[in-house]
Amino acid sequence: MKKVYIGLVAIILILGLSGCGSSGGSDTNPVHVSSEIDGTWDGYDNGSQFGIINVSSQNFILTKVVSELRNNIYGNYTMDGIKIVQPNNKIVKKVISRYTKYEVTPLTQNIVNQLNANNGCGSANWALNLTKNVTGTNCDTITANSIKQIYLIEGNRVIWGDKNNIGADTYPDSLDYALYWEK
């Protein structure tokens, strides 16, 4: 069961969409257009694919398979202006994401057995390939949070902010070129 919980936590951490502390950056006018990131994207962290992200009309679904579990994380986002980051005074867009629903699907009988034996995510009625909504259970550590992030589009990639360099405005102050989406 420990493997299952580590897998669930890993997907949250891989997203790289959290952090606090530090200073810097400057704000300018709000941006309300978000259609530029609509579509289907492959998500990467340090060169390894971590999931598929579908974005449409300020709603998203992240699908990720971790430890023989398929995780679907649903949410929405709003644009919150632009910011200038270093180096090279790059203009990035600020976005606030809110996770609204978290689903888990066991993909092997071994995982089903582990979940049932340990009342995984508050349920003992798991079945192979049966998707369950685990929002608000002990497996869900994300839907109560709003995440502030920045992004920059370069070619066919969306480059995300560095979660380890958070400014006084509570948004990242630099980009993390190892964390990106690609079409």
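The values are calculated or read from the model by the stated rules, or taken from the named source; none is laboratory data. Here the structure is a predicted model, which is why all the values come from computation and not from measurement. All Cβ positions, glycine included, derive from the backbone under ideal geometry; neighbour counts span all protein chains shown.
Here are the numbers for this structure:
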quantity	calculated
In the stretch 140-173, the residues that are in contact with a Pro (Cβ under 7 Å, 6 or more places away or on another chain) and either surrounded by fewer than 16 Cβ atoms within 10 Å (Cβ to Cβ) or over 28 Å from Arg70 (Cβ atoms) (or both)	Ile150, Asp162, Asn165, Ile166
Subset tally (residues that are within 30 Å of Ile84 (Cα to Cα) and touching a helix residue (DSSP H, G or I) at 6+ places or on another chain (Cβ under 9 Å)) for the stretch 117-148	2
Set Ser26, Ser48: member being loosely packed, with under 13 Cβ neighbours inside 10 Å, of a type outside the set (Val, Ile, Thr), at pLDDT below 95 and touching a Lys or Arg at 6+ places or on another chain (Cβ under 8 Å)	Ser26
Counted residues, the stretch 43-72 - those being assigned to a strand (DSSP E or B), more than 21 Å from Asn156 (Cβ to Cβ) and touching a helix residue (DSSP H, G or I) at 6+ places or on another chain (Cβ under 7 Å)	3
Filtered residues of the stretch 159-169 (kept if in contact with a Leu (Cβ under 8 Å, 6 or more places away or on another chain) and either at pLDDT 95 or above or within 17 Å of Pro87 (Cβ to Cβ) (or both))	Ile159, Trp160, Gly161, Asp162
Those residues of the stretch 99-124 which are of a type in the set (Gly, Ala, Ser) and without any contact (Cβ under 8 Å) to a residue 60 or more places away in the chain, in sequence order	Gly122, Ser123, Ala124
In the stretch 30-42, residue surrounded by the fewest Cβ atoms within 10 Å (Cβ to Cβ) [restricted to those that are part of a loop (DSSP other than H, G, I, E, B) and over 16 Å from the mean Cα position of the chain (by Cα)]	Val33
Where a residue in the stretch 125-139 is surrounded by 13 or more Cβ atoms within 10 Å (Cβ to Cβ) and its partner, wherever it lies, is in a loop (DSSP other than H, G, I, E, B) and hydroxyl-bearing (Ser, Thr, Tyr), with Cβ under 6 Å and at least six apart	Thr135/Thr143
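Each row is one residue, and each column tells you yes or no for (1) touching a Gly at 6+ places or on another chain (Cβ under 6 Å); (2) closer than 30 Å to Val92 by Cα.
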residue: Asn119; (1), (2): no, no
residue: Gly122; (1), (2): no, no
residue: Thr131; (1), (2): no, no
residue: Thr135; (1), (2): no, no
residue: Ala144; (1), (2): no, yes
residue: Ile153; (1), (2): no, yes
residue: Ile166; (1), (2): yes, yes
residue: Tyr180; (1), (2): no, yes
residue: Lys183; (1), (2): no, yes
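Per-residue answers, yes or no, for (1) modelled with pLDDT of 95 or more; (2) closer than 20 Å to Ile53 by Cα:
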position: Pro87; (1), (2): no, no
position: Thr141; (1), (2): no, yes
position: Asn145; (1), (2): no, yes
position: Tyr171; (1), (2): yes, no
